[in-house]
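A short worksheet on the structure shown next.
Bear in mind these aren't lab numbers, they're just calculated from the coordinates by the rules spelled out. In this text the structure is predicted, and so the values were computed from the model without any measurement. Cβ placement follows ideal geometry from the backbone for every residue including glycine, while neighbour counts extend to all protein chains displayed.
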Amino acid sequence: AQSVTQLDSQVPVFEEAPVELRCNYSSSVSVYLFWYVQYPNQGLQLLLKYLSGSTLVESINGFEAEFNKSQTSFHLRKPSVHISDTAEYFCAVSDVGSNYKLTFGKGTLLTVNP
Amino acid sequence: NAGVTQTPKFRILKIGQSMTLQCTQDMNHNYMYWYRQDPGMGLKLIYYSVGAGITDKGEVPNGYNVSRSTTEDFPLRLELAAPSQTSVYFCASSGKNSGTGESPLHFGNGTRLTVT
């Protein structure tokens, strides 16, 4: 069975500072990895995903995540955050070929302060 | 472009009452899902459907029922509300199995339910 661990439940940072949101997973098979973002009072939306190929994937709003197979991690980073990045971020994993069941982590609340 | 629409936005129920949470999507998606979100617990899958007439249990189905008579609609029924069902409920849809990465989940804005 797969599981997802988001190591920090809350991450407060100042505007224009760099941020890293950590995600580790466990699975006995190959995985696909996702980051979803939830802005206040909204549903989740896909931020970025890793399926195969380059281990570094990027979103359109400056976030990036790197798949590290040896460390079973998929950490999300941004070099300079904005107030508008304040949201909850969810890491998710699916087992390749095992009906692709999607499992979410517990979420990390990123709060960007002025 | 409505996407996934959930009603109501808020509801307070007394213990033992029943209600139906409505969900409709206008993207002609085959896959639909119901999740509950509790603080600090992430999202838990309640039920899902891969097409009209087909439903299956997720992680936490007890106390809930669903039906999928049309592609567009996927209502969630609570028969005997309990305090443990206090949560935020999200409906989502995807064109294909969301875990394959071919089609992301599209979420509604949620229904906040309180059972007292």
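Below are the figures for this structure:
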| item | result |
| --- | --- |
| Residue in the stretch B:51-84 that is nearest to the chain's Cα centre (by Cα), counting only those that are touching a residue at least 40 places away in the same chain (Cβ under 8 Å) and not in a loop (DSSP other than H, G, I, E, B) | B:L76 |
| Tabulated pairs, the stretch B:94-116, first over 17 Å from B:Y47 (Cα atoms) and more than 10 Å from every other protein chain (Cβ to nearest Cβ), second buried (at least 21 other Cβ atoms within 10 Å of the Cβ) and not hydroxyl-bearing (S, T, Y), C-beta under 7 angstrom, 6+ apart or interchain | B:V115/B:A81 |
| Subset of the stretch A:78-111 (residues that are under 14 Å from A:W35 (Cβ atoms), more than 9 Å from every other protein chain (Cβ to nearest Cβ) and of a type in the set (G, A, S)) | A:A87 |
| Unmet criterion (only one of (1) of a type outside the set (S, T, Y); (2) on the phi < 0 side of the Ramachandran plot; (3) surrounded by fewer than 17 Cβ atoms within 10 Å (Cβ to Cβ)) for A:N41 | (2) |
| Unique residue being surrounded by 14 or more Cβ atoms within 10 Å (Cβ to Cβ) and touching a Pro at 6+ places or on another chain (Cβ under 6 Å) when the list is B:Q22, B:Q85, B:Q37 | B:Q22 |
| Condition met for B:R68 (charged (D, E, K, R), farther than 15 Å from B:Q6 by Cβ and surrounded by 14 or more Cβ atoms within 10 Å (Cβ to Cβ)) | yes |
| Selection within the stretch A:44-62 - under 20 Å from A:V4 (Cα atoms) and either part of a loop (DSSP other than H, G, I, E, B) or not hydroxyl-bearing (S, T, Y) (or both) | A:L44, A:Q45, A:L46, A:L47, A:L48, A:K49, A:L51, A:S52, A:T55, A:L56, A:V57 |
